[in-house]
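The block underneath contains the structure these notes are about, expressed in structure tokens.
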Amino acid sequence: MNIKERLHRILSTLPEGVQLVAVSKFHPAERLQEAYDAGQRIFGESRPQEMAAKYEVLPKDINWVMIGHLQTNKVKMIAPFVSMISSVDSERLIEEIEKQASKNNRTIDILLEVHVASEETKSGWSEKELRTYLASGILNNMTHVRVRGVMTIATNTDDESIIRRDFTTIRRIFEELKPQFGEAFDTLSIGMSDDYPIALEYGSTMVRIGTAIFGQREY
Ligand SMILES: *Cc1c(COP(=O)(O)O)cnc(C)c1O
């Protein structure tokens with residue numbers, strides 16, 4: 001199957017209203033163009049330099065989503081054009097996004113990344129840290145950052161019960177935080193190539209799929 005066929009096969013399994021982020025990290029711009037020509041408009045990248053380079057050469061109506069851990073000093077590289085930063089995992093990062101978005105006269109959508117998986121290596125706030133931060137009210141003063149929801153990466157395991165446990169946790173956090181934010185807080189980003197069918201059962205509104213569209217990455 002080519003990119004177009006894989007893309008359309010995946011899209012046909014997504015319920016209405018679920019957004020597909022085509023995770024194109026490590027793939028050359030030509031492959032993204034193929035997906036674009038097949039109708040895809042949302043692309044996810046994990047490295048700011050790579051995203052900026054692709055932004056330069058690809059059509060300007062693409063929505064770029066930063067999905068990887070972002071260092072604060074790299075925010076300015078993508079602030080002029082990025083649609084969403086879905087891997088927001090610290091207070092300092094939010095402050096920098098607010099600053100750079102303001103400089104560019106823009107509002108940048110963000111997702112709060114919560115760590116619910118078993119592995120220590122995964123980034124994101126613990127639920128407790130996140131709640132402490134939110135209770136501080138600092139976020140209420142941000143006018144160029146729009147909190148759209150939460151994101152997590154489930155434990156990397158073949159044990160489906162653990163993946164389901166992770167999705168149950170993030171779903172609960174999403175529902176519990178909703179009332180604090182209002183209308184715009186509508187995004188639960190869970191599900192990657194291997195676990196997105198399960199994520200859909202837990203109400204994912206934004207899946208992030210790379211390998212199943214573009215094939216294996218060459219690092
Ligand atoms: C790489 C990556 C993905 C896509 O993973 P696949 O298994 O290739 O679908 C999704 N989300 C994040 C945060 C990633 O870093």
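Any read-out appearing in this document is the output of simple, stated calculations on the displayed coordinates, not a laboratory observation. Keep in mind the model is a prediction, meaning the values are calculated, not measured. Cβ placement follows ideal geometry from the backbone for every residue including glycine, while neighbour counts extend to all protein chains displayed.
The simple Förster model, with R0 at 35 Å and r as the Cβ-Cβ distance, assigns Thr143 and Glu201 a FRET efficiency of 0.45. Shown for Tyr133, Tyr219, Tyr55: other C-beta atoms within 10 Å of each C-beta, ranked fewest to most, produce the order Tyr219, Tyr133, Tyr55. Length gained on full extension, Met1 to Arg131: 42.4 nm, using 0.36 nm per residue less the C-alpha separation. Protection proxy ranking, highest mean first, for peptides 135-146, 28-39, 57-68: 57-68, 28-39, 135-146, where packing is the per-residue count of other beta-carbon atoms within 10 Å, averaged.
What full-extension length gain, to one decimal in nm, is calculated for Glu175 and Thr13 as 0.36 nm per residue of separation minus the Cα-Cα distance?
Between Glu175 and Thr13, full extension yields 55.9 nm more.
Nearest 0.05, what FRET efficiency do Val57 and Gln216 give at R0 = 35 Å with Cβ-Cβ as r? According to the calculation, E is roughly 0.95. Ignoring solvent entirely, what values of log10 I(q)/I(0) come out of the Debye formula for region 3-214 at 0.09, 0.13, 0.17, 0.19 Å⁻¹ when each Cα is a single scatterer? Debye intensities relative to I(0), on a log10 scale: -0.33, -0.71, -1.23, -1.50.
Spatially, region 42-69 and region 83-133 are offset by 18 Å when compared through their Cα centroids.
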